[in-house]
Amino acid sequence: MTREAILKYKRRLALRNLLILMGGLFLLLVSLFVSMNAGYSKLSILDTLNTVAGKGTATHELILFQYRLPRIVISILIGAGLALSGCLIQGISRNPLAEPGLLGINAGAGMMVILYALLLGITNFSSIFTLPFLALIGAAGAAISVYLLAYKKQEGISSERLILTGIAVQAGISALTTILIVNLDDMRFSIVSGWQAGQIWGANWQYVLTLLPWLCVLIPYCLYKAKSLDVLNLGDEVALALGMPVEKERRKILIVAVMLAACCVSVGGNISFVGLIAPHLARRMVGPKHQILLPVCALTGAVLVCIADTLGRMLIQPSSIPTGIMTAIIGAPYFIYLLVRR
């Protein structure tokens, strides 16, 4: 293959990836607009446009800016964060079935948030900001347990052992959570059951401000680690030969994945399968190179959760289906498909 042919192929590939990114952004904007019009209180397209332009009624402004938009923004942020977390975990484990929920990270983060909500309550703005830190403690405990149980000195981390250990840890944490909630009163039980079902419970701008700083720091770091993930995908022996400290780099990326999942779970509840589906869909579109895979993965996750939340609010009005249940309805068949293929 000549040099000119290689350069031509690279330019064509770069253009294709750019078009995919632009298409993802366009789909996200369409999902955002559709979601603004979805819900029990009807807003026409013209009402929405007038309200966004500052010409809406007080009622329309209340519905759009105080109820719908915060929830939509949180859905988008959670989708991007969970998708990137799953992509990082799949990258360091080289296992396409790995994701935060299967490794017990979501369960560990959620158990700490539930404990805090039940014992102390979430009553003021300052306590809201402690949720990601508490979720991080629980998620880190689960991740450390999985890592230590799956690690062998001579072999390092086996992808199959990692998945099996994660499933076991997740089951144990879920059992402990069930023990905690079995004797709750009706009000507290509704809070906990809503979290377990993936009901986005922080649907206001305070929760957006809680989540946004974490993602503004962690997402750029994910993109910075794209080359390291590409090297790790070549295998431990090749990575070591290229001079990479494999276990040290793997631990750094795992910490970032845990932090992403923890902050998203603290606000959105137990939303599963996003970290599994989004990386797979993105990899099918742009291939395994993480410089383009990570941003496309974040867009895919954001669109997926936004659509799932919109459908959940539309299908059984005036009630709603929790976002976590909608993502499970989409994700469970895809997970079975992946298992059958492997």
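Every number here is computed from the coordinates shown, using simple stated rules; none is lab data. As the structure is a prediction and not an experimental result, all values here were calculated from the model.
Observations, loosely collected:
- By the Cα gyration tensor, the chain has an equivalent ellipsoid whose semi-axes, rounded to whole angstrom, run 33, 28, 16 from largest to smallest.
- Estimated purely from DSSP H runs of n ≥ 4, each contributing -39500 (n - 2.57), the mean residue ellipticity at 222 nm for the chain is -25500 deg cm²/dmol once divided by its residues.
- Contact order, relative form, for the chain: 31 percent (alpha carbon pairs under 8 Å, 6 or more residues apart, mean separation divided by residue count).
- One decimal place: the segment LEU62-ILE144 gains 25.1 nm when fully extended, by the rule 0.36 nm per residue minus the C-alpha distance.
- GNM top mover of LEU46, LEU149, LEU176 - the chain, alpha-carbon springs below 10 Å: LEU46
- Stretch gain in nm, segment VAL217-GLU237, where the contour uses 0.36 nm per residue and the Cα spacing is subtracted: 4.1 nm
- Nonlocal amide H pairs with GLY56, under 5 Å, H built at 1.01 Å: THR51
- The alpha-carbon atoms of the stretch 10-55, seen along their principal axes, cover 49, 22, 10 angstrom, with the largest extent given first.
- Calculated log₁₀ intensity ratio I(q)/I(0) where the Debye formula runs over C-alpha points of the stretch 205-310, q = 0.13, 0.21 Å⁻¹: -0.54, -1.24
- Counting every alpha-carbon pair across the stretch 3-116, the share separated by more than 24 Å comes to 55%.
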